[in-house]
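Let me begin by handing over the structure; questions about it come next.
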Amino acid sequence: MDINSNKIHQLNKSKYAMGVICLLGSVLCFSFMNLFVRLAGDLPSIQKSFFRNFIALVVALIALTKTGGDFRCKKGNFKDLFLRSLAGTIGVFCNFYAMDNLNISDASILNKLSPFFAIIFSFFILKEKASKFEWSAVIIAFIGALFVIKPSFDVRVMPALIGFVGGCAAGMAYTYVRKLGLKGERSMIIVLYFSIFSTLCTLPYMIFDCKPMSIKQIILLVFCGLSAAGGQVLITKAYSYAPAKEISVFDFSIVITTAILGYLFLEQTPDVLSVIGYFIIVGVAIVKWQYGLKMSYKRG
């Protein structure tokens, strides 16, 4: 290996390491976001969502102002931005509701079904054909989800089903994010439009039916929003350092971090069936990640 090749190799290793560090940082931020949502107590999920979305809006406005203040999307992208924002808003509402009514580790793993839902939505939205292996991964992941949801005719299953719907909506949102990225849209514009849309959706509730909050609850929800914004910034940086196919598997470590935080601060312990579901979903995600790297290597 000559000197130039060695420098390139070292640079790529450094970028990969930075990508992993940023992604793990985002996992920690989103884990604390989930914790703060639960610690904020008995407030409507839509009210909690307002803080998460409004603070993300402020962060996006500041970031875009610093880079020139151009808030316009590229021509022809508005429809996709709207659909991404709609799906993302539904995903946030469902995820926050699940966080309030399930173990936060259960809610987190259901939300992390989004990459598997993205395979389905990519077929319809991007016209990308998935391999038999990828369809098999989707089926196995959904089987794992059944262990977490524990289907029954009892109304108590509703929070888990809503969490499952949240993972579905997030998968659709990420598919539109990818579509917009392929069309050259800036990542902060995507965050901005989503934040504006989701904030406007929650604003009428905040004006007309906002539940009284203590100082402690307000502080917790502000930290929730800051954690979400930090996670969004770090995950964006992570994928600028390294391709998603190489590092996305580390995102599933959120199951571990939320389980630890849930145990330490909420005295939550997932049951045996949920743990089996975690192993199935995370396991198939790791296998899918290795398969993707192998296919990428073969294509050169």
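Suppose we filter the range 158-176 for residues that are in contact with a Lys or Arg (Cβ under 6 Å, 6 or more places away or on another chain) and under 19 Å from F252 (Cβ atoms); how many remain?
1
Also, quick follow-up: Report, by residue number, each residue of the range 193-212 that is in contact (Cβ under 8 Å) with a residue 40 or more places away in the chain and not in a loop (DSSP other than H, G, I, E, B).
Once the filter is applied, which keeps residues that are in contact (Cβ under 8 Å) with a residue 40 or more places away in the chain and not in a loop (DSSP other than H, G, I, E, B), the range 193-212 yields Y193, F194, S195, I196, F197, S198, T199, C201, T202, L203, Y205, M206.
May I pose another question? Show me the helices (runs of 4 or more DSSP H) found entirely inside the range 34-151 where at least 3 residues are open to solvent by 20 Å² or more (accessible area, probe 1.4 Å).
On the way: elements: 45-66, 78-101, 104-111, 114-125, 132-149.
Helices (runs of 4 or more DSSP H) meeting the threshold: 45-66, 78-101, 114-125, 132-149.
Before we move on, is I190 part of a helix (DSSP H, G or I), closer than 17 Å to V92 by Cα and either open to solvent by less than 60 Å² (accessible area, probe 1.4 Å) or free of Cβ contacts under 8 Å to residues at least 40 places away in the same chain (or both)? Can you show your working first?
Values: part of a helix (DSSP H, G or I): yes; closer than 17 Å to V92 by Cα: yes; either open to solvent by less than 60 Å² (accessible area, probe 1.4 Å) or free of Cβ contacts under 8 Å to residues at least 40 places away in the same chain (or both): yes.
Judged against the criteria, I190 is a match.
Please enumerate the residues belonging to the range 152-185 that are open to solvent by less than 20 Å² (accessible area, probe 1.4 Å) and free of Cβ contacts under 8 Å to residues at least 40 places away in the same chain.
The answer is V157, and nothing else.
What number of residues in the range 262-280 are surrounded by 22 or more Cβ atoms within 10 Å (Cβ to Cβ) and more than 19 Å from A145 (Cα to Cα)?
1
For the range 22-80: of the residues being charged (D, E, K, R) and touching an Asp or Glu at 6+ places or on another chain (Cβ under 7 Å), which is nearest to G163 (Cα to Cα)?
Here is the first cut: in the range 22-80, the residues charged (D, E, K, R) are 38, 42, 48, 52, 66, 70, 72, 74-75, 79-80.
Of the ones still in play, those that are also touching an Asp or Glu at 6+ places or on another chain (Cβ under 7 Å) are 38, 74.
Working: R38: 14, K74: 33 Å.
Per the stated criteria, the residue is R38.
If you don't mind, another one. Report yes if some residue within the range 195-210 is over 30 Å from L43 (Cα atoms) and open to solvent by less than 30 Å² (accessible area, probe 1.4 Å); otherwise report no.
The first filter runs over the range 195-210 and keeps only residues over 30 Å from L43 (Cα atoms), leaving none.
No.
This table checks each residue for (1) under 26 Å from K13 (Cα atoms); (2) open to solvent by less than 40 Å² (accessible area, probe 1.4 Å); (3) not aliphatic (A, V, I, L, M).
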position: C224; (1), (2), (3): no, yes, yes
position: T236; (1), (2), (3): yes, no, yes
position: S240; (1), (2), (3): yes, no, yes
position: P243; (1), (2), (3): yes, no, yes
position: I247; (1), (2), (3): yes, yes, no
position: V282; (1), (2), (3): yes, yes, no
position: S296; (1), (2), (3): yes, yes, yes
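The values are calculated or read from the model by the stated rules, or taken from the named source; none is laboratory data. Keep in mind it's a predicted model, so treat the numbers as computed, not measured. Positions of Cβ are backbone-derived with ideal geometry, glycine not excepted, and every protein chain shown enters the neighbour counts. What goes into the accessible areas is simple: the full protein's heavy atoms, side chains included, and nothing from ligands, DNA or RNA. Shrake-Rupley method; radii C 1.70, N 1.55, O 1.52, S 1.80 Å.
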